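Worksheet: the structure to be examined is printed underneath.
Every number in this text was worked out from the coordinates using simple rules, so none of it is lab data. Computed from a prediction, not measured in an experiment: that's the story for all the values here. Note: ideal-geometry Cβ built from the backbone for every residue, glycine included; neighbour counts use all protein chains shown.
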Amino acid sequence: MMASRPKVHISRRQRYACILCGRCCRRFHVLLTPVEAERLAALDWGDAEGVPRDFTTRLHGHLYFRRAPTGGCVFLDESTGACRIHQRFGLAVKALTCRGYPHNIASTWPGEVSVVARMDCPAVQRNAGPPLETNRAAIERMVTELGTSGGFTGRQLEGLSRDAVETVIRALTGLLEDAADLPPGTRAYGFFLAAERFRALGSSFLNDLSTLRQVIPSLLERVKRDASRRRDHGIGWFSRAVCREWLAAYCRRDEELAHPSLRDRVVRTASLAGYAFGLGSLRVMGSEHPAISLRAARLFTRGRGWTPSDHAAWECYWRLLLARLEGPQFFGVAYYDTPLFTGLRALAQSYALVLAAARCHAAERNADRIETEDVHYAVGAIDHCLGRSPLLQFRLWRLVEDHFSGVRYARLLTSLGWE
Ligand code: SF4
């Protein structure tokens, strides 16, 4: 009997049309199945010149497209920024990973999957192109090909019913939308506070929908008031060291660790040790990151020396939060199989990481104010690993998220200087 097709929810908040920047073909290692490798090897290129015949490489037992000496995929046409397979044979012939990017397809409720667009794609950052939904037919074909199945487990739902989860998500979405006029730091901290307060209510309370709906307005009002309160205390040296290592872990690009030389290994190890003291730059973790040292970027100056950004510069960040909530793609398979409130806290804490990364990017430009380009870089850098990093899946990093829970998160934002 044929398995029934999953219901596919596509983000209504995101747009995408490839701008042929070639970033994904240069920056990522693309996984291939043996069947795909065989199919691509059999393509008839006729008399086309310079077609790579030996196009696969093996890493950790898996097949990937080989990289040219320039760092890009061997099929990337550097003169046009386009994929040669796509140019010659069309989209449908490409490997599934290539066709799928920048879509992130995740199993959510039993029999359902959701699709959001990854914010490490420049076109998605700019929200350029038609709504994702326009591409529904191709997306549904990819979902079928992937065979995504399953759904949130009872452990991931923390005892909550679907209605309760969706009610909490609607409340958080409404809070973010209503707070559009607030400074970015206050808006983001309000989101964090609300997530933590919903967690504190516990599953019995949250599953009582009529009571939950009654308390939501007052809970959100208190959150808005508390998020605007001035805070004086920052974090100490230990938490600063933890924060720098946390940021570096998000900036670590496994693509560049594929064939490290001894020198690369030594430099990375020394950098990881140095980050604790503010030494070294994020560039060592990936070539897209700023080369300025963390100390020179003035991360923990409580905002002194920084001019507040225009609120509009942060639009891309709110789109990230809202799309992940809408998925929902912030827990379960979308975040290391973690429970609902663990993933929600990590999503809310992404503001601190994005702020720190944006500060580094702006400091590299010698600017004293975060602009749209800095937020775009930072959202791309952090979203790249949000739930997708082989390193960040380890429990140690959940302990770091716990470390920056409660009042210490407000202190972290005070040290970072809010926005
Ligand atoms: S990164 Fe995005 S815009 Fe650039 S080539 Fe890849 S899919 Fe297209």
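Average projection, convex hull of the Cα set of the chain: 21.8 square nanometres.
Does a label point 7 Å from the Cα of residue 133, set along Cα-to-beta-carbon, have any residues of segment 1-33 with amide nitrogen under 19 Å, and which are they? Of the residues in segment 1-33, 7-17 have backbone N under 19 Å from the label point off residue 133. Does segment 7-146 come out rounded, prolate or oblate by the C-alpha gyration tensor, with a ≥ b ≥ c the root eigenvalues, rounded set by a/c under 1.5 and, if not, prolate when a/b is larger than b/c and oblate if not? Since a/c reaches 1.5 and a/b is larger than b/c, the shape of segment 7-146 is classed as prolate. In sequence order, segment 230-247 has phi-based couplings of 6, 10, 9, 8, x, 9, x, 4, 5, 5, 5, 4, 4, 4, 5, 5, 4, 4 Hz under the Karplus curve 6.51 cos²θ - 1.76 cosθ + 1.60, θ = phi - 60°, and Gly or Pro positions carry x.
Within the shell of other residues whose beta carbon sits under 12 angstrom from the beta carbon of residue 297, the net charge comes to +3, with Lys and Arg scored +1 and Asp and Glu -1.
Restricting the trypsin sites (Lys or Arg not before Pro) of segment 154-250 to loop positions (DSSP other than H, G, I, E, B) with no more than 11 neighbouring Cβ atoms within 10 Å leaves 229, 230.
Taking amide H as placed 1.01 Å from N in the peptide plane, the amide H of residue 82 sits under 5 Å from that of 77, each at least 5 places away or on another chain. Within segment 18-66, the chymotrypsin sites (Phe, Trp or Tyr not before Pro) that combine a DSSP coil assignment with at most 16 other C-beta atoms in a 10 angstrom radius are 45.
Summing +1 for each Lys or Arg and -1 for each Asp or Glu among the other residues whose beta-carbon sits under 15 angstrom from that of residue 40 gives +3.
Amide H contacts of residue 103: 118, each under 5 Å away and 5 or more positions distant or on a separate chain (H built 1.01 Å from N in the peptide plane; Pro and chain starts excluded).
Just check segment 253-349 against the gyration tensor rule for me: Cα atoms, a ≥ b ≥ c as the square roots of the eigenvalues, rounded for a/c under 1.5, and otherwise prolate or oblate depending on whether a/b exceeds b/c. Don't jump to the answer; show the numbers that get you there.
On the way: a/c = 2.25, a/b = 1.26, b/c = 1.79.
Judged from the Cα gyration tensor, segment 253-349 comes out oblate (a/c at least 1.5, b/c at or above a/b).
Rounded if a/c is under 1.5, else prolate if a/b beats b/c, else oblate: with a ≥ b ≥ c from the C-alpha gyration tensor eigenvalues square-rooted, which is segment 140-223?
Numbers: a/c = 2.55, a/b = 1.41, b/c = 1.82.
Oblate, since a/c reaches 1.5 and b/c is not below a/b.
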